[in-house]
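Peer 1: Here you go, one structure.
Values in this text are rule-based calculations from the coordinates and carry no lab data. Every value quoted in this text rests on a predicted model; they were computed, and no experiment measured them. Glycine gets a Cβ as well: all are built from the backbone with ideal geometry, and neighbour counts include every protein chain shown.
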Amino acid sequence: MEHSDEYQSAKNRVEAKMSFYTHYSVYAAVILLLAIINFMTSSGAIWFHWPMLGWGIAVALHAAFVFVFPRRFAVTEQMIQKEIGKARERS
């Protein structure tokens, strides 16, 4: 059973990292597209940096929670195990 818990924990971490990589890739592609649109349509007025800044903050927070503060997954897993225990006690 412990092997299963270790596997699930590792799987959750990998899924969190893949989620971040997807988020970052979409962010980079969309910002690049916005920059191209901005320079092709109104090169005198630079505006693409505003969505880049706003969305960039969200990407940075996502990265922080995945790579800097990964303990939140341990807390989540502990809460799940506690709920499983409560459900087993009731049945």
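Peer 1: Give the calculated FRET efficiency between residue 7 and residue 65 to the nearest 0.05, with a Förster radius of 22 Å applied to their Cβ-Cβ distance.
Peer 2: 0.50
Peer 1: Under a Cβ-only charge scheme (Lys and Arg +1, Asp and Glu -1), can you give me the dipole magnitude of segment 21-91 about the Cα centre, in debye to the nearest 20?
Peer 2: Approximately 340 debye in magnitude.
Peer 1: Between 58, 28, 45, where does the largest GNM mean-square fluctuation fall for the chain, given springs only between Cα atoms within less than 10 Å?
Peer 2: Among 58, 28, 45, the largest mean-square fluctuation in the Gaussian network model of the chain belongs to 45.
Peer 1: Among 32, 42, 68, whose Cα lies farthest out toward the positive end of the dipole of the chain, if unit charges sit on the beta carbon of Lys, Arg (+1) and Asp, Glu (-1)?
Peer 2: Value computed over the given set: 68.
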